[in-house]
Amino acid sequence: MLGGMTEAPALPPTRLPQERRTVTDLPGPVSQQLAARRAAAVTAAVGSTMPVYAADADGGVVVDVDGNSLIDLGSGIAVTSVGNASPAVVAAVQEQVARFTHTCFMITPYEGYVAVCEKLNELTPGSFEKRSALFNSGAEAVENAVKVARKATGRSAVAVVDHAYHGRTNLTMALTAKNTPYKNGFGPFAGEIYRVPTSYPFRDPEGMTGEEAAARATRQLEVQVGAGNVAAVLIEPIQGEGGFIEPAPGFLRALAQWCADNGALFIADEVQTGFCRTGSWFAAEHDGVEPDIVVTAKGIAGGLPLAGITGRAELLDAVHKGGLGGTYGGNPVACAAGLASIETMAQYDLAARARGIAELTLPRLRDLQKRTDRIGDVRGRGAMLAMELVQPGTDEPDSAAATRISQACHAQGVIVLTAGSFSNVIRLLPPLVIGEELLLEGLQVLEEAVLAL
């Protein structure tokens, strides 16, 4: 039972001991050998958070090639929410692989694709009739959501917000706010993208409400773009790479209402927030918002590449036949994994488990904040939690502190991630199936790293 929450179904079974165990310094000798091979074969443009190489993973642990067992508070960036090598996902994938691995849905379709779309239509917010399409990655899905918005509205302008992250393709780099490492030197970027202020309670003027922050954003759109030119407002309900920024209450509702009033679409990028991560199936539900289009990926398929867009039927059906698709989109093996992941989330009530993780973690982080002047803010929902590091006694970002904390955790066998436009946020994304003892041990290592600054 996590954080004293109502009793939930037992956790899924695991193969590996759910424990932190270090048998070598990190990285160990075999990881170092692999690093040497990597340097000779893999471009240096691809970075890694930790210098250890995975050999096995299960539940809430990752075991490296030297036999070290690490506590996973990152979930492969919110992907392995049902745990790594989830038994249901493994069984579904094995069965599908034995039948067929690919036909291309655009050539000879198959039931798995249809079944995933049915689930997306059922689970995403909104009681209206919906349609879905499947893709490979979050960035690909975002691009297709923009295509649908432009086609359905006959408009070209797309509004995004400060601190946004939407992907690494040319269009999604234009949608993304942070320059380094995502955009630097890769331009020119796709046009007709306009950026407006978001709601960032820690850094907004004191007392600014969500409605006031939304009015600030929409006023800028009206003046600089013209409401009649906006095809869509695209936003993460809780920003991911931007620093787990949770907007003030009312912000998302006000933006969605402005879209409805002005003929624009409200698109929720739920790539990182979706599938029980924030304590609901989708984060937009916390604000009572029914997006015109929802973008999904990451946690949908237990680690296999799958993404989707789901929206009002009349919007997605406004696109001409052949206008959406792709060779691998909705691959049958990924669809099998997606259906098994969704079933696991429902069976074990992983939305409730995410809330339990927050109940256990947030009080500890807030108590830690009182014990140091290095934590400016603690925030987040469910199992999507963060603390923002600042220079002592100020609100100036301290990226060096975030780096030192993450490195100290890594050295002790705990995987944590950094984030934020200023690279000063420690973010926690544990698997939703992580055991309480393992989570508490990981938090203890994190606390010690913070207090050692």
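May I ask you to derive the relative contact order of the chain, considering only C-alpha pairs under 8 Å and at least 6 residues apart, and to give it as an integer percent? Don't skip to the end; give the middle numbers.
Details: 977 pairs, mean separation 104.4, N = 453.
The value is 23 percent.
Taking only the alpha carbons of the range 242-288, what extent do you get along each of the three principal axes, in Å, biggest first?
Computed over the Cα atoms, the extents are 31, 20, 19 Å.
Among Gly47, Leu362, Gly185, which residue has its Cα furthest toward the positive end of the charge dipole of the chain, with +1 on Lys/Arg Cβ and -1 on Asp/Glu Cβ?
Gly185
List Thr394, Thr372 from most exposed to least, where exposure is judged by having the fewest other Cβ atoms within 10 Å.
Lowest to highest Cβ neighbour count: Thr394, Thr372.
For the range 40-101, I need the span (max minus min coordinate) of the C-alpha atoms along each principal axis, in Å, sorted largest to smallest.
38, 27, 23
Quick one: check the C-alpha center-to-center distance for the range 260-317 versus the range 61-117, whole angstrom.
A separation of 20 Å, based on Cα centres.
Hey, got the dipole for the range 102-330? About the Cα centre, +1 on K and R Cβ, -1 on D and E Cβ, debye to the nearest 20?
Values: 19 positive and 25 negative charges, 138 e Å.
So the dipole magnitude of the range 102-330 works out to roughly 660 debye.
About the Cα centre, and with charges only on the beta carbon of Lys, Arg (+1) and Asp, Glu (-1), how big is the dipole of the range 21-86? Nearest 20 debye, please. Don't jump to the answer; show the numbers that get you there.
Working: 3 positive and 6 negative charges, 42 e Å.
With Lys and Arg at +1 and Asp and Glu at -1, about 200 debye.
Which value, in debye to the nearest 20, describes the size of the charge dipole of the chain about its Cα centre when Lys and Arg Cβ atoms bear +1, Asp and Glu Cβ atoms bear -1, and nothing else is charged?
Values: 36 positive and 49 negative charges, 203 e Å.
The calculated dipole for the chain is roughly 980 debye.
Which of Pro27, Ala157, Leu120 sits closest to the plus end of the dipole of the chain, meaning its Cα is farthest towards the positive end, when Lys and Arg get +1 and Asp and Glu get -1 on the C-beta?
Ala157
Exposure proxy check: Ile415, Ile293 ranked by fewest other beta carbons within 10 Å? Provide the component values of the computation, followed by the final result.
Numbers: Ile415 24, Ile293 29.
Ascending Cβ contact count within 10 Å gives the list Ile415, Ile293.
If you project the alpha carbons of the range 102-330 onto their three principal axes, what span does each projection cover, largest first, in Å?
55, 38, 34
Quick one: Kirkwood hydrodynamic radius for the range 175-238, alpha-carbon pairs, angstrom, one decimal?
13.7 Å
Helix-only estimate, please: 222 nm mean residue ellipticity of the chain, summing -39500 (n - 2.57) across DSSP H runs of length 4 or more and dividing by its residues, to the nearest 500. Display every interim value, and only then the final one.
On the way: 13 runs with 162 residues, N = 453.
Computed ellipticity for the chain at 222 nm equals -11000 deg cm²/dmol.
Just how many % of Cα pairs in the chain lie over 42 Å apart, if you round to the nearest whole percent?
On the way: 12333 of 102378 pairs.
That tail contains 12 percent of the Cα-Cα pairs.
Every number in this text was worked out from the coordinates using simple rules, so none of it is lab data. What you see is a predicted model; the values in this text were computed from it and never measured. All Cβ positions, glycine included, derive from the backbone under ideal geometry; neighbour counts span all protein chains shown.
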